[in-house]
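Q: This is the structure I have questions about; it appears just below.
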Amino acid sequence: MDITYTAEEQAFRAEVRRFLDEKLPRDVSAKVRQGKRLTRDDHLRWHAALAERGWLAVHWPTQYGGTGWGPVQRHIFDEECAAAGAPQIIPFGVSMVAPVIIRFGTEEQKRHYLPRILDGIDWWCQGYSEPGAGSDLASLKTRAVRDGDHYVVNGQKTWTTLGQHANMIFCLVRTDPAAKMQEGISFLLIDMATPGVTVRPIITLDGEHEVNEVFFDDVRVPAGNLVGQENKGWTCAKYLLTYERTGIAGVGMAKAALRHLKTVAARQIAQGRPLIEDPQVRRQIAEVEIDLMALEMTNLRVIAAVQGGGVPGAESSILKVRGTEIRQAITDLLRRAVGPYALPFPQDALEAGGAAAEPVGPDHAAPLSAQYFNRRKLSIYGGSNEIQKNIIAKMILGL
Amino acid sequence: MDFTLNDEQRMLDDTVNRLVRERYGFEQRIRYGREPKGYSDETWALLAELGLLSVPFAEEDGGIGGGGVELMVLHQAFGRGLTLEPYLATVVLGGGLVARLGSAEQRAALLPAVIAGELTLALAYGEPAGRYEPLWIETRAGRSGDGWRLTGRKAVVLNGDGAGRLLVTARTAGQPGERDGVSVFLVDPAQPGVTLRGYPTIDGLRAAELTLDGAELPADALLGREGAAADALEAVLAAGCAALAAEAVGAMEAACELTLDYLKTRQQFGGPIGRFQVLQHRMVDMRIALEQARSMAILAACSLDRPAAERERRIAAAKVLIGRSGRFIAEQAIQMHGGMGMTEEAAISHYAKRLVMIDHWLGDADHHLARFAALPEAEGGLEQAA
Ligand SMILES: Cc1cc2nc3c(=O)[nH]c(=O)nc-3n(C[C@H](O)[C@H](O)[C@H](O)COP(=O)(O)OP(=O)(O)OC[C@H]3O[C@@H](n4cnc5c(N)ncnc54)[C@H](O)[C@@H]3O)c2cc1C
């Protein structure tokens, strides 16, 4: 057993670091570090820098423009990106719909959509959840009825992340209402500029516009936008979920957040002294740091196990539960670290363009409470932590 | 031992609960929050009209001499409605300090106006480098002619930007952290040398940063004896903590009701999600946390008249438990509401924000835990409590 990285892996890490140093836009990483909200353009610039280097599609096979990296390289890459303050790559195109198109799509679909994802021409969003279908995804009701060489779509999707920026949405739709729940579902690609598509914002508790409702009113979608077979969309959905849940441990992001916590605790003054000198605070930080070390090792074990290819199974549920708990614990400590300065809600200081608004209290304090509340989502989306535990109970424990 | 309310307290409870029920629906609260001062002038006037602003003051000051239990009754209702009016800042903290420290003239000049709803107050005690420690005061007050000259900064002053008068702690002697040398001054926010920067807080209230840049005050701006305000300051902060504990309980009750309701109505997998045992047990844990919090709010309310050593220990204990259970209930309520719990439009997220933020007002659970551990064990226990 040897838990050190090989010489090649270390060389790869150095190469990633060099790239980040040169190509990650400084203003964007500054925003990420300060917890400011990113614009569409901020994401696109980072996306373009990665695409130029050929490092955007980390999961894809090389023949389609992917990196062909193994899990260890992907992990190193994630870790370095988070450490450098890179924005998260918006996953819906690159990491979600693309693997489905590669696996189930027609040659024409691959030729059309994959390059547009790499070029940043298409911004995808995910149309799975509906008001009545959250954890119970298979109860979805959005209907698609075949009419000549089109499907006519009616229904509503919700919680659509960054749908306001997207021009394409991939949807699960019901094509056979008579079939059993999972069986009459199809996987459909919809151009959001089609007449009858309406996007309405949902404002979250931290005042952010991150999610949306999407309405479909007699939307005519070319039949050629069906991926895989009609009524067999659940297969695509499940395949996509395994991708949604890789990298879900978020170790890189947790490490970056932990470093930030230490910086904040060192800069924060409590009765005239740095907060970090308080033994109770040091102990709280130490505990979460130890939990994170354990998660990192668990994550590496899972990664090593799938190094040969494929994607992790129910183990990813372990990573999701623990990873989100740890990230939430760190944001909780960050909020608490700033004491009374957790109270101000300086909306304009969080806005991307709001750099001019002077923060209340120390400048590191402004985003921390909003972030704490925003990160409650981590244990809700991508399959809630309760659902992950159900999976673990069933698949790992056989209960 | 008797945990029931007497007739007068019951009447108070009915009055304030009716007011909150009828005038403080969720939509109304949102509207009030958008008003210039961040609360409803109309509701404030109504509170005055109903005599509720007089509750804690002594009869000789025009009040009805209410104690901790009356305070608890009021704030529990405020918590249920997530009210925004500056009762804590004006009546409990500001008014409480005037009542304790003020001369007869000062009380006569201020308290009737407070009781009538004409004057709002704010207590500026915390400082940027002090974290939650009220005696960490770097603001200095020096003699200047007949009067005083104040220089320093105050952090996150509750309702500081709309207040008619500020009560400002400053050092007339000693070093930050010391008990001696703490004085309280009455400051007109409009006077030269005083700068306020107001802002909204995450829980929907308003606060301000206060800068005093050589502000010149008249001799009678000093409340009480020079340098001897620490005891009174601690006593009103204790009352403030008891009020916050009661508000937290009110907010927890509402959060638990909303969540329970959601578990019974939200359908997934062909039935209400409340049939999943893991959620049932979570809901039970929330209920247990609520009852524990309620107990500590009662203990806090009934300890305000006890000797300082005993009062401080119990208040610290209450604030620790309230902080922890509030956060637990807030987080679980959001989680069990799923995506809905993350939205601004759902009332539950506002209860959750208030519950988490209550911990940051007047000292959080970490702060009060350290205090509790450091305070000497007081004489006697519950057996000596009234
Ligand atoms: C910020 C955010 C972004 C999102 N982005 C997207 C997106 O881009 N696209 C998209 O399609 N969806 C998205 N979602 C939706 C997300 O996937 C759902 O919120 C999630 O599946 C939970 O569904 P729900 O909100 O309807 O909660 P419900 O399913 O109603 O769950 C409510 C509660 O009940 C629990 N529960 C439900 N079933 C069980 C069970 N069997 N056993 C135990 N507990 C159970 C849940 O864990 C939860 O605590 C997003 C959600 C959020 C909050």
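The values are calculated or read from the model by the stated rules, or taken from the named source; none is laboratory data. Just so you know, these numbers come straight off a predicted model, no measurement behind them. Neighbour counts are summed over all protein chains in view; Cβ atoms, including those assigned to glycine, are modelled from backbone coordinates with ideal geometry. The protein model used for the area step is the full one, side chains on, heavy atoms only, and it has no ligands, DNA or RNA in it. Shrake-Rupley method; radii C 1.70, N 1.55, O 1.52, S 1.80 Å.
Q: Does A:V264 qualify as being open to solvent by less than 10 Å² (accessible area, probe 1.4 Å) and touching a strand residue (DSSP E or B) at 6+ places or on another chain (Cβ under 6 Å)? Step through it out loud before you land on a result.
A: Numbers: open to solvent by less than 10 Å² (accessible area, probe 1.4 Å): yes; touching a strand residue (DSSP E or B) at 6+ places or on another chain (Cβ under 6 Å): no.
Here the answer is no, as A:V264 does not meet what is asked.
Q: Another question, if that's okay. If you check every pair at least six apart or on different chains, which have Cβ atoms under 6 Å apart with a residue in the range A:48-67 that is more than 20 Å from A:R111 (Cβ to Cβ) first and a residue that is part of a helix (DSSP H, G or I) second?
A: A:A49/A:K23; A:V58/A:R74
Q: Working only within the range A:373-387, note down all residues that are in a loop (DSSP other than H, G, I, E, B), closer than 21 Å to B:R354 by Cα and more than 10 Å from chain B (Cβ to nearest Cβ).
A: Passing the criteria: none in range.
Q: Give just the number: which of (1) open to solvent by less than 20 Å² (accessible area, probe 1.4 Å); (2) free of Cβ contacts under 8 Å to residues at least 40 places away in the same chain; (3) assigned to a loop (DSSP other than H, G, I, E, B) does A:D122 not satisfy?
A: (2)
Q: Continuing with this model, one more query. Kindly provide the set of residues from the range B:110-158 that are more than 16 Å from B:E178 (Cβ to Cβ) and among the basic types (K, R), ordered by number.
A: Within the range B:110-158, B:R131, B:R143, B:R149, B:R153, B:K154 meet the criteria.
Q: So A:E213 passes all but one of these: (1) among the acidic types (D, E); (2) at pLDDT 95 or above; (3) out of contact with any Lys or Arg (no Cβ under 9 Å at 6 or more places or on another chain). Which condition number does it fail?
A: (3)
Q: Which of the residues belonging to the range A:147-193 are within 13 Å of the ligand (Cβ to nearest atom) and within 14 Å of chain B (Cβ to nearest Cβ)?
A: A:Q156, A:K157, A:T158, A:W159, A:T160, A:T161, A:G163 - these are the residues of the range A:147-193 that are within 13 Å of the ligand (Cβ to nearest atom) and within 14 Å of chain B (Cβ to nearest Cβ).
Q: Continuing with this model, one more query. Residue by residue through the range B:155-173, note down the ones that are within 14 Å of chain A (Cβ to nearest Cβ), surrounded by fewer than 24 Cβ atoms within 10 Å (Cβ to Cβ) and not in a strand (DSSP E or B).
A: Passing the criteria: only B:D161.
Q: Specify which of the listed residues (A:A342, A:A329, A:A337) is at pLDDT 95 or above, in contact with a Ser or Thr (Cβ under 6 Å, 6 or more places away or on another chain), among the small types (G, A, S) and away from the ligand (no atom under 12 Å from the Cβ).
A: A:A342
Q: Working only within the range A:125-143, note down all residues that are within 16 Å of the ligand (Cβ to nearest atom) and not in a loop (DSSP other than H, G, I, E, B).
A: From the range A:125-143, those within 16 Å of the ligand (Cβ to nearest atom) are A:125-142; that's our starting set.
The answer is A:C125, A:Q126, A:G127, A:E130, A:A133, A:L137, A:A138, A:S139.
Q: Which of the residues that make up the range B:370-385 are modelled with pLDDT under 80 and open to solvent by less than 50 Å² (accessible area, probe 1.4 Å)?
A: B:A378, B:G380, B:G381, B:A385 - these are the residues of the range B:370-385 that are modelled with pLDDT under 80 and open to solvent by less than 50 Å² (accessible area, probe 1.4 Å).
Q: Another one. Inside the range B:13-36, can you point out the residues that are among the aliphatic types (A, V, I, L, M) and within 19 Å of the chain's Cα centre (by Cα)? Reasoning before the result, please.
A: If we filter the range B:13-36 for residues that are among the aliphatic types (A, V, I, L, M), which is where we start, we get B:16, B:19-20, B:30.
Listed by number, the residues that qualify are B:V16, B:V20.
Q: Follow-up question, since we're still on this one. Among the numbered conditions (1) closer than 21 Å to B:A89 by Cβ; (2) assigned to a loop (DSSP other than H, G, I, E, B), tell me where B:L5 comes up short.
A: (1)
Q: Here's something else I'd like to know. For the range A:166-210, please list each of the strands (runs of 3 or more DSSP E) lying entirely inside it that holds at least 1 residues being acidic (D, E).
A: Filter on the range A:166-210 gives A:185-191.
Q: Tell me, which residue of the range A:271-280 that is at the interface with chain B (Cβ under 8 Å from one of its Cβ atoms) and under 17 Å from B:D364 (Cβ atoms) is most open to solvent (accessible area, probe 1.4 Å)? Before the answer, list the steps.
A: Pass one, the range A:271-280, residues at the interface with chain B (Cβ under 8 Å from one of its Cβ atoms): A:271-272, A:275, A:280.
Now drop any that are not under 17 Å from B:D364 (Cβ atoms), which leaves A:271, A:275, A:280.
Numbers: A:Q271: 76, A:L275: 7, A:Q280: 48 Å².
Looking at the filtered set, the residue picked out is A:Q271.
Q: Here's a follow-up. Hey, can you tell me all the residues within the range A:1-39 that are under 30 Å from A:I203 (Cα atoms), open to solvent by 50 Å² or more (accessible area, probe 1.4 Å) and either modelled with pLDDT of 95 or more or hydroxyl-bearing (S, T, Y) (or both)?
A: Across the range A:1-39, the qualifying residues are A:R26, A:D27, A:T39.
Q: Within the range A:360-372, track down each residue that is outside any helix (DSSP H, G or I), open to solvent by 30 Å² or more (accessible area, probe 1.4 Å) and more than 10 Å from chain B (Cβ to nearest Cβ).
A: Across the range A:360-372, the qualifying residue is only A:D363.
Q: Being β-branched (V, I, T) and in a helix (DSSP H, G or I) is the filter; apply it to the range A:327-341 and report the residue that is nearest to the other protein chains (Cβ to nearest Cβ).
A: A:T331
Q: In addition: Please specify each residue of the range B:178-209 satisfying the condition of being over 19 Å from B:R149 (Cα atoms), part of a strand (DSSP E or B) and of a type in the set (V, I, T).
A: Passing the criteria: only B:T201.
Q: Still on this model: Which residue out of A:R143, A:R116, A:R200 is in contact (Cβ under 8 Å) with a residue 24 or more places away in the chain and either touching a helix residue (DSSP H, G or I) at 6+ places or on another chain (Cβ under 6 Å) or open to solvent by 30 Å² or more (accessible area, probe 1.4 Å) (or both)?
A: Testing whether each residue is in contact (Cβ under 8 Å) with a residue 24 or more places away in the chain and either touching a helix residue (DSSP H, G or I) at 6+ places or on another chain (Cβ under 6 Å) or open to solvent by 30 Å² or more (accessible area, probe 1.4 Å) (or both) leaves just A:R143.
Q: Now, a different point. Please go through the range A:292-326 and pick out each residue that is at pLDDT 95 or above and either assigned to a loop (DSSP other than H, G, I, E, B) or open to solvent by 60 Å² or more (accessible area, probe 1.4 Å) (or both).
A: Looking only at the range A:292-326, we keep the residues that are at pLDDT 95 or above, and these are A:292-295, A:321-326.
A:M293, A:R322, A:E325 - these are the residues of the range A:292-326 that are at pLDDT 95 or above and either assigned to a loop (DSSP other than H, G, I, E, B) or open to solvent by 60 Å² or more (accessible area, probe 1.4 Å) (or both).
Q: Quick check on this structure: which one of A:G155, A:G163, A:G132, A:G127 is in contact with a helix residue (DSSP H, G or I) (Cβ under 9 Å, 6 or more places away or on another chain) and either open to solvent by less than 30 Å² (accessible area, probe 1.4 Å) or farther than 30 Å from A:Y5 by Cα (or both)?
A: A:G132
Q: Could you tell me whether the range B:340-348 includes any residue that is within 16 Å of the ligand (Cβ to nearest atom), in contact (Cβ under 8 Å) with a residue 12 or more places away in the chain, open to solvent by 10 Å² or more (accessible area, probe 1.4 Å) and not β-branched (V, I, T)?
A: Checked the range B:340-348: at least one residue is within 16 Å of the ligand (Cβ to nearest atom), in contact (Cβ under 8 Å) with a residue 12 or more places away in the chain, open to solvent by 10 Å² or more (accessible area, probe 1.4 Å) and not β-branched (V, I, T).
Condition check ((1) among the hydroxyl-bearing types (S, T, Y); (2) over 28 Å from A:Q371 (Cα atoms)) across all residues:
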| position | (1), (2) |
| --- | --- |
| A:I3 | no, yes |
| A:E15 | no, yes |
| A:V32 | no, no |
| A:T39 | yes, no |
| A:D42 | no, no |
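Q: Going through the range A:388-399 one residue at a time, which ones are open to solvent by 40 Å² or more (accessible area, probe 1.4 Å) and part of a helix (DSSP H, G or I)?
A: Once the filter is applied, which keeps residues that are open to solvent by 40 Å² or more (accessible area, probe 1.4 Å) and part of a helix (DSSP H, G or I), the range A:388-399 yields A:K389, A:N390, A:I391, A:K394, A:M395, A:I396.
The rows are residues; the columns are (1) open to solvent by 10 Å² or more (accessible area, probe 1.4 Å); (2) within 16 Å of the ligand (Cβ to nearest atom).
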| position | (1), (2) |
| --- | --- |
| B:V278 | yes, yes |
| B:Q292 | yes, no |
| B:A308 | yes, no |
| B:R311 | yes, no |
| B:R314 | yes, no |
| B:A352 | no, yes |
| B:H367 | yes, no |
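Q: Can you tell which of B:I273, B:I329, B:I288, B:I298 is open to solvent by 10 Å² or more (accessible area, probe 1.4 Å), of a type outside the set (S, T, Y) and within 16 Å of the ligand (Cβ to nearest atom)?
A: One residue alone meets the criteria, B:I273.
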